[in-house]
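J.: This is the structure I have questions about; it appears just below.
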Amino acid sequence: MRQSTFRNIAHVVLACAALAACDAPQVVNTFEPTSQVVPGVMAAAPVEERDAFARQFLNGIQASSIAQSRELCGYFVLSRGQLIATPPRRGTEASCDYGPIPIGTVASYHTHGSYGAQYDNEVPSGFDLISAIDVQFDDYVSTPGGRLWRVDGKTGTATQLCGLGCLVSDPNFVPRDEGNVRPVYTVATLRRRQEL
């Protein structure tokens, strides 16, 4: 009887653990860097260093994103003391599945693809900001007009790091409503902008 009770308890514990694992975020514990490497940049490095890395990396993939008319996305990961970018994943015209979050992730990144008059893609979307808040790390966003944004998951703000043309831009980009592009947005101000 006693052995049966222990066996039943063990089954209950295993079942609970299995169910709990279903809701847990997936974390990749194996990572093979295949992209750019900047030696000596640590997770605790000043945000300016991470911003510079993001600017360089996103500028390097921007032309491909524009040519494909697709968002590209991935992560910036601290691996063996170096900041690296995971290979870009190809998304759709208006979204991108980042995939599982690798161990050591310090930020994510995504492009907004090519210019489309139907999109307000010169600023991060409200969804971009809410997603960064949910995961509690920064997301870097490049736009068809060549802007770079840091979406801060801890402060809940999106800050324009550099304006039109600071990154490779879509030759078909048509500036519109540029006077109303703020340097900083919150979820509330992005929602107001996108309701207009």
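Every number here is computed from the coordinates shown, using simple stated rules; none is lab data. Here the structure is a predicted model, which is why all the values come from computation and not from measurement. Please note: Cβ atoms are built from the backbone with ideal geometry, for glycine as well, and neighbour counts cover all protein chains shown.
J.: Can you tell me how the stretch 87-162 classifies by the Cα gyration tensor, rounded, prolate or oblate, using a/c under 1.5 as the rounded cut?
T.: oblate
J.: Suppose R0 equals 22 Å. What FRET efficiency, 1/(1 + (r/R0)^6) with r the Cβ-Cβ distance, do residue 95 and residue 134 give to the nearest 0.05? Kindly include the intermediate steps, with their values, before the conclusion.
T.: Working: r = 16 Å, r/R0 = 0.71.
Using R0 = 22 Å, I get an efficiency of 0.90.
J.: Kindly state, to the nearest 0.05, the FRET efficiency for residue 155 paired with residue 67, given R0 = 35 Å and r defined as their beta-carbon distance. Spell out each step's value before the answer.
T.: Values: r = 34 Å, r/R0 = 0.96.
Once the sixth-power term is evaluated, E becomes 0.55.
J.: Now for a different question. Ordered by packing density, taken as the mean number of other Cβ atoms within 10 Å over each peptide's residues, highest first, how do 153-162, 89-98 rank?
T.: 153-162, 89-98
J.: Could you go through the stretch 120-133 in sequence order and give the Karplus-derived ³J(HN,Hα) for each residue, using 6.51 cos²θ - 1.76 cosθ + 1.60 with θ = phi - 60°, rounded to whole Hz, and x for Gly and Pro?
T.: 9, 9, 8, 10, x, 7, x, 5, 4, 5, 5, 5, 5, 5
J.: Seen from all sides and averaged, what is the projected area of the convex hull of the Cα atoms in the stretch 27-195, in nm²? Walk me through the numbers before you get to the answer.
T.: Working: hull surface 35.8 nm².
Dividing the Cα hull surface by four gives the mean projection, 8.9 nm².
J.: Each label point is 7 Å from the Cα along the Cα-to-Cβ direction; what then is the distance between the points at residue 188 and residue 162, in nm?
T.: 3.2
J.: Using only Cα positions of the stretch 119-196, each an equal point scatterer, no hydration layer, compute I(q)/I(0) via Debye at q = 0.13, 0.22, 0.23, 0.25 Å⁻¹ and quote the log10 values to two decimals.
T.: For the stretch 119-196 at q = 0.13, 0.22, 0.23, 0.25 Å⁻¹, log10 I(q)/I(0) is -0.35, -0.97, -1.04, -1.19.
J.: What share of the DSSP beta bridges in the stretch 65-179 is antiparallel, in percent to the nearest 5? Before the final figure, lay out each step's value.
T.: Numbers: 20 of 25 bridges.
Percentage antiparallel, nearest 5: 80.
J.: What list of whole percents do you get for P(r) of the stretch 66-107, with Cα-Cα distances grouped in 5 Å bins up to the one holding the largest distance?
T.: Result returned by the calculation: 6, 26, 25, 18, 13, 9, 3.
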